[in-house]
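The values are calculated or read from the model by the stated rules, or taken from the named source; none is laboratory data. Because the structure is a prediction, the values reported are computed rather than measured. FYI the Cβ positions are ideal-geometry reconstructions off the backbone, even for glycines, and counts take in every protein chain you see.
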Amino acid sequence: MYDEIHLNLPHSYKRTGETYNVPASIKSFPKLRVFSQPVDFGPAMKLLPTVLRAPSKAVVVTLDDDTAYSTRDLGNVLSALAHYEYKAVVARGTLDGAVDDPILTQR
């Protein structure tokens with residue numbers, strides 16, 4: 001279903017200077033690649049470095065660590081991408097409906 005999972009972390013947290021130590025249990029997650037960045041991009045950190053290094057036709061999906069997702073959410077996003085001819089699809093929260101779910105937006 002996916003080729004890789006990218007975890008983008010800055011060398012240190014901008015506000016406190018705290019460095020990130022990724023536990024071995026997370027580093028060993030299948031298909032996970034951890035990328036350490038010299039600059040902390042704040043909230044864009046989860047997306048920006050991946051978009052900058054991904055091939056132009058790559059499908060990039062971001063998730064928040066403080067949000068619960070249903071088992072069908074990723075499939076719904078991928079269906080919406082195909083429906084909208086692979087333009088950006090933005091969704092907030094859980095995707096309960098089909099492709100025409102009102103929380104899906106073509107950009």
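Which residues, taken from segment 66-87, are closer than 18 Å to Tyr2 by Cα and either modelled with pLDDT under 70 or assigned to a loop (DSSP other than H, G, I, E, B) (or both)? Once the filter is applied, which keeps residues that are closer than 18 Å to Tyr2 by Cα and either modelled with pLDDT under 70 or assigned to a loop (DSSP other than H, G, I, E, B) (or both), segment 66-87 yields Tyr69, Ser70, Thr71, Arg72, Tyr86. One residue stands out in segment 1-51 among those that are surrounded by fewer than 10 Cβ atoms within 10 Å (Cβ to Cβ) and assigned to a helix (DSSP H, G or I): the one that is modelled with the lowest pLDDT, namely Pro43.
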